[in-house]
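I have placed the structure first, in the form of structure tokens, so that the comments after it can refer back to it.
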Amino acid sequence: MPNALNVSQALKTPGQIFPFSTEIEVEDADVFGETVHFAPAELTGTLLGAGDTVSVRGELRCEATMACARCLRPVAVPLCVSVDERFSRRRDGAEEEDAPEGEARCIDGAQIDLTDCARELLVLELPMRVLCSEGCKGLCPICGADRNEVSCTCLADASDAPEGTERPDGRFAGEVTNPFSALKAMINSDEEV
């Protein structure tokens, strides 16, 4: 197991706290249609054994890369999550679904796999949207140019000409191309959807 942590000492000596620090490789996640990339995460904390159960408490730190909500540039997002998870040995014949609530994570021999735990905690900590800067101008809704890099005149051209005037690129002044333009055209022409 690549993200395994040895918990044999915690299982052998219940009630004693063992500090640890480990690096966890976290796979990319698809969150609301966006692929989020994670740098290797650092988990530092303590292990506490109690019979067939080991409690993992600590702090998980990682840097995620998400797209800016306005211009789609990659943005580094530092994440810090508190970890309080329990892992237990699977009893002979018991399935993972039969485990008591809160103890679904299993100890395999003397190892625990932190992959799923870390990924779930980090995904839940992601912000709904990020910006590369507060002053980000975003993408032009007409030509798609990054207005942080290019002085796009599409919106100025559209506002200068009278509504409905055809422009050199074949579009009309005031027309904004977006994913709903085709739907609007269908509704205006009374086509069946």
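The values are calculated or read from the model by the stated rules, or taken from the named source; none is laboratory data. Because the structure is predicted, anything quoted here is derived from the model rather than measured. All Cβ positions, glycine included, derive from the backbone under ideal geometry; neighbour counts span all protein chains shown.
A few points about this structure:
- Residues that are farther than 15 Å from C80 by Cα and aromatic (F, W, Y) within segment 19-41 comprise F20, F32, listed in sequence order.
- Some residue of segment 72-82 being within 30 Å of P14 (Cβ to Cβ), at pLDDT 90 or above, of a type in the set (A, V, I, L, M) and assigned to a helix (DSSP H, G or I): no
- Matching residues in segment 1-30 - criterion: being surrounded by 14 or more Cβ atoms within 10 Å (Cβ to Cβ) and assigned to a strand (DSSP E or B): A4, L5, N6, F18, F20, T22, I24, A29
- Elements of type helices (runs of 4 or more DSSP H) contained in segment 109-193, each with 3 or more residues being in the same structural domain as D52 (by TED's automatic domain parsing) and modelled with pLDDT of 85 or more: 115-125
- Pairs, first farther than 13 Å from V36 by Cα in segment 118-138, second exposed (fewer than 13 other Cβ atoms within 10 Å of the Cβ) and not β-branched (V, I, T), C-beta under 9 Å, six or more apart: L121/S82; C132/P74
- Taken over segment 31-60, the residue count meeting the criterion of being over 22 Å from the mean Cα position of the chain (by Cα), hydrophobic (A, V, I, L, M, F, W, C) and buried (at least 16 other Cβ atoms within 10 Å of the Cβ) is 4.
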